[in-house]
Amino acid sequence: MNLPVLYTYWRSSAAYRVRIALNIKGVEYESRPVHLVRGGGEQHSPAYRQINPQKLVPALVHEDRIYTQSLALIEYLEEKYPEPPLMPRDPGDRARVRGLAQMVACDIHPLNNSRVQKFLTAEFGLDDEHKLTWYRHWIALGFEAIEARLDQDGYTGRFCHGDTVGLADACLVPQVYNAERFGCDVSIYPTIARINAACLELDAFLRAAPESQPDAD
């Protein structure tokens, strides 16, 4: 059986999204950890650069093809394994879900990932306190907008869109994990906190959690 191979790192929120999607779909896969810190970062090795020249995780190898970028990987899984769906059928609903997912994956996460944190130190000499201020600022700005979006329309249910877990939830939960890791008070966003708690009752999310990964340290 040609299992998908996921290049991952336990604390990568982008890889966390894809692990959630794989679990919801019930797709068995092989996990190949890429340690982003040890030895200067295994993502910089020549071998991994052949997998992903961006030197980022996740990457997915399946049926002799390499796929990168977490949202693209999840959409690939959605098309390759259509049941159970991660996206609603209605075009307007799909646009709403994509918008929520991109608020995390395109607006919050890129400003706070480890590459940016390292650059803030190396280029501008920011200490840990100032980097934390930077991190929390972008979390607050993003979560305020997501909370408002989830709270202001009638499409939000138990999860981000209705009562079926999907793409937006797979993006939101890892971002909440990171926010809590850096001391952000998520309780001030009650809808986000409620949806996160509902997701974490599900096995697909628990098995994808960072501490459940074989490379957790």
Lysines whose Cα lies under 29 Å from that of LYS118, excluding same-chain neighbours fewer than 8 positions away: LYS55, LYS131
Kirkwood Rh and Cα Rg combined as Rg/Rh, segment 1-106: 0.99
Length-normalised contact order of the chain in % [C-alpha pairs under 8 Å, at least 6 apart]: 25
Convex hull of the chain built on C-alpha atoms - directionally averaged projected area, nm²: 12.3
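For the chain, what does -39500 (n - 2.57) per DSSP helix run (n ≥ 4), summed and divided by total residues, give at 222 nm, in deg cm²/dmol to the nearest 500?
After summing the helix terms and dividing by residue count, I get -16000 deg cm²/dmol.
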Whole-Å distance, taken between Cα centres, linking segment 72-121 and segment 129-165: 14
Nearby aspartates and glutamates by direct alpha-carbon distance to LYS25 (threshold 19 angstrom, same-chain neighbours under 8 apart not counted): GLU63, GLU75, GLU78, GLU79, GLU83, ASP163, ASP169, GLU201, ASP203
Estimated Rh, segment 91-205: Kirkwood, alpha-carbon pairs, angstrom: 14.7
HN-Hα J in Hz across segment 14-31 - Karplus 6.51, -1.76, 1.60, θ = phi - 60°, x for Gly and Pro: 5, 5, 4, 4, 5, 4, 4, 4, 4, 5, 4, 6, x, 8, 6, 8, 9, 9
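Taken together, the values in this text are just the output of simple stated rules run on the coordinates, not laboratory data. Quick caveat, the model's predicted, so the values are computed rather than measured.
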